[in-house]
Amino acid sequence: MAKSLRSKWKRKMRAIKREKMDVKVLTRMNKMLVASVAEQKLDAQEEKLMQKRKLQKEGVAEEVIEAKLAAIDPPIDATAVSMEVQEESDYVTTDEDAESVTSDHGRPRKLQKPNMKTMRNEKYQFPVWMSTKKIKYTKRLLKKTEKRTSKEAKKIKQWKRACAS
């Protein structure tokens with residue numbers, strides 16, 4: 001297999017994109033499943049109605065019609081299908097506040113957005129996609145800014161003391 005940095009990067013990005021798309025595809029498939037069950041239910045009701053009208057034209061009694069219709073087509077259990085869909089959709093929660101994506105093992109995980117100033121997430125770690133060179137550079141930059149701000153704070157304190165005297 002290719003071992004160049006570019007191919008590794010492309011493979012990694014495809015995997016991340018695949019994870020994000022899995023959520024969208026799952027919700028779309030669930031909607032399609034619910035819609036198809038509803039459509040089947042409507043088709044079954046139309047079929048029953050057609051059979052009922054046909055038997056009524058022939059002059060058959062109402063009790064006989066109901067018995068024949070019940071024997072011909074048992075009702076579709078849409079609740080069982082919708083329960084399965086709900087279980088799958090509960091498995092992956094999509095809140096606007098906390099985005100979540102399914103990982104390789106199918107468990108939901110929260111996407112951790114890095115702080116743009118420090119480039120670290122809530123666990124104070126650098127993002128996975130960040131290169132080691134960039135991590136070293138940002139660490140160095142953060143040290144410089146901390147040093148500079150602490151020196152400035154000391155100078156300000158000295159100035160205030162001098163002015164107060």
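The values are calculated or read from the model by the stated rules, or taken from the named source; none is laboratory data. Please read all numbers here as calculations on a predicted model, not as lab measurements. Don't worry about glycine lacking a Cβ; one is built from the backbone with ideal geometry, like all the others, and counts go over all protein chains shown. We work out accessible area using only protein heavy atoms, side chains counted, and drop any ligands, DNA or RNA first. Shrake-Rupley method; radii C 1.70, N 1.55, O 1.52, S 1.80 Å.
Would it be correct to say that Asp90 is part of a loop (DSSP other than H, G, I, E, B), loosely packed, with under 10 Cβ neighbours inside 10 Å and at pLDDT below 65? It is false that Asp90 is part of a loop (DSSP other than H, G, I, E, B), loosely packed, with under 10 Cβ neighbours inside 10 Å and at pLDDT below 65. When residues in the stretch 1-32 are screened for being touching a helix residue (DSSP H, G or I) at 6+ places or on another chain (Cβ under 6 Å) and of a type in the set (A, V, I, L, M), 0 of them pass. Among the residues making up the stretch 127-153, those that are open to solvent by less than 60 Å² (accessible area, probe 1.4 Å) and in a helix (DSSP H, G or I) are Ile135, Thr138, Leu142, Thr145, Ser150, Ala153. Among the residues of the stretch 49-66, is any in contact with a helix residue (DSSP H, G or I) (Cβ under 8 Å, 6 or more places away or on another chain), at pLDDT below 75, in a helix (DSSP H, G or I) and open to solvent by 100 Å² or more (accessible area, probe 1.4 Å)? No, the stretch 49-66 contains no residue that is in contact with a helix residue (DSSP H, G or I) (Cβ under 8 Å, 6 or more places away or on another chain), at pLDDT below 75, in a helix (DSSP H, G or I) and open to solvent by 100 Å² or more (accessible area, probe 1.4 Å). So which pairs qualify, if the first residue must be in the stretch 42-58 and within 15 Å of Ala71 (Cα to Cα), the second must be open to solvent by 100 Å² or more (accessible area, probe 1.4 Å) and in a helix (DSSP H, G or I), the Cβ gap must be under 9 Å, and the two must be at least 6 apart or on different chains? Every condition considered, the pairs that remain are Glu47/Ile72; Lys48/Ile72; Gln51/Ile72. For the stretch 105-142, the set of residues classified as more than 22 Å from Trp9 (Cα to Cα) and modelled with pLDDT of 85 or more consists of Lys139, Arg140, Leu141, Leu142, listed by residue number. With respect to the conditions (1) of a type outside the set (Gly, Ala, Ser); (2) open to solvent by 60 Å² or more (accessible area, probe 1.4 Å); (3) over 30 Å from Gln112 (Cβ atoms), Arg6 lacks only one, and its number is (3).
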